[in-house]
1. So how far, in whole Å, is the C-alpha centre of the range B:76-125 from the one of the range A:77-127?
2. In peptide A:107-113, what is the residue-averaged number of other protein chain Cβ atoms found within 10 Å of each Cβ?
3. With the convex hull built on the Cα atoms of the protein assembly as shown, state its orientation-averaged projected area in nm².
4. Between helix B:85-96 and chain B, what is the angle of the helix's C-alpha long axis to the longest principal axis, kept within 0 to 90° and rounded to the nearest 10?
5. In whole Å, what are the extents of the range A:2-126 along the principal axes defined by its C-alpha atoms, from largest to smallest?
6. Tell me the angle of helix B:50-72 to the major Cα principal axis of chain B, expressed in degrees between 0 and 90 and rounded to the nearest ten.
7. Using every alpha carbon pair in the range B:2-120, what percent of pairs falls into each 5 Å bin from 0 up to the bin containing the largest distance?
8. Among B:56, B:116, which comes first, second and so on when ranked by fewest other beta-carbon atoms within 10 Å?
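Derivation of every value follows stated rules applied to the coordinates shown; laboratory data play no part. For clarity, every value in this text was computed on a predicted model and none was experimentally measured. Cβ sites come from the backbone with ideal geometry, for glycine too, and all protein chains shown count toward neighbours.
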């Protein structure tokens, strides 16, 4: 139960953090993708860094991603890495949905398909127990996150 | 070639980072309090834990390799390629954290990796 609450909060914070970051960064002048010289790209990067620091959306997004990382680390203090990592991949599914509903992104069938496969994978992982490594006695195979 | 090395650094750095951070957090012990003062104390111990810090350092290596890889190759190549890290991290968790990966968990992890790869290939315009 604790794992479920912590990981779901972490995943939601990450999804909204990514949305905020995307909204913030899209408002900033677009990054040139052509490969320029080193000093040219350096000045470009510093210019973008300045603009980024002044975007409230970027700050909110960063804060939410810090919340994610703190909760993720906390979960790792008691649950398996091989459980927590794939479980948090459910965030990709939320990202696709959030991109669709909040950012108006067009989501292809392939990406929806990927979201379904991830959901299936997370269900499998959540049924495999959350702690196997360095297990205190009597606590083998605690209930999974989505059970 | 440099792109391949950078992608390898993204994956291995991220996996090593996750393994070290887990090792550090397991060393701290289970976080099971909502008391603000105690949480702050745990936070303080985490950011001074050697394993945790090494983990964060590997994460940074992974992140900057990712930025570097993006300068040389398209996101459409780099992002799906890094979805292999679900498998690499799991192998790391098994070898270095003594986690038992049941067939059920392996199946789930493989599905997650495939799904992430599918999601991260950008749609053709």
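1. Value for the Cα centre distance between the two parts: 12 Å.
2. 4
3. 15.2
4. Compared with the principal axis, the helix lies near 40 degrees.
5. Extents along the principal axes, in whole Å: 47, 36, 26.
6. Orientation of helix B:50-72: about 20 degrees from the principal axis.
7. The distribution over the range B:2-120 is 2, 12, 16, 18, 17, 15, 11, 6, 2, 0, given as percents.
8. Ascending number of Cβ neighbours within 10 Å: B:56, B:116.
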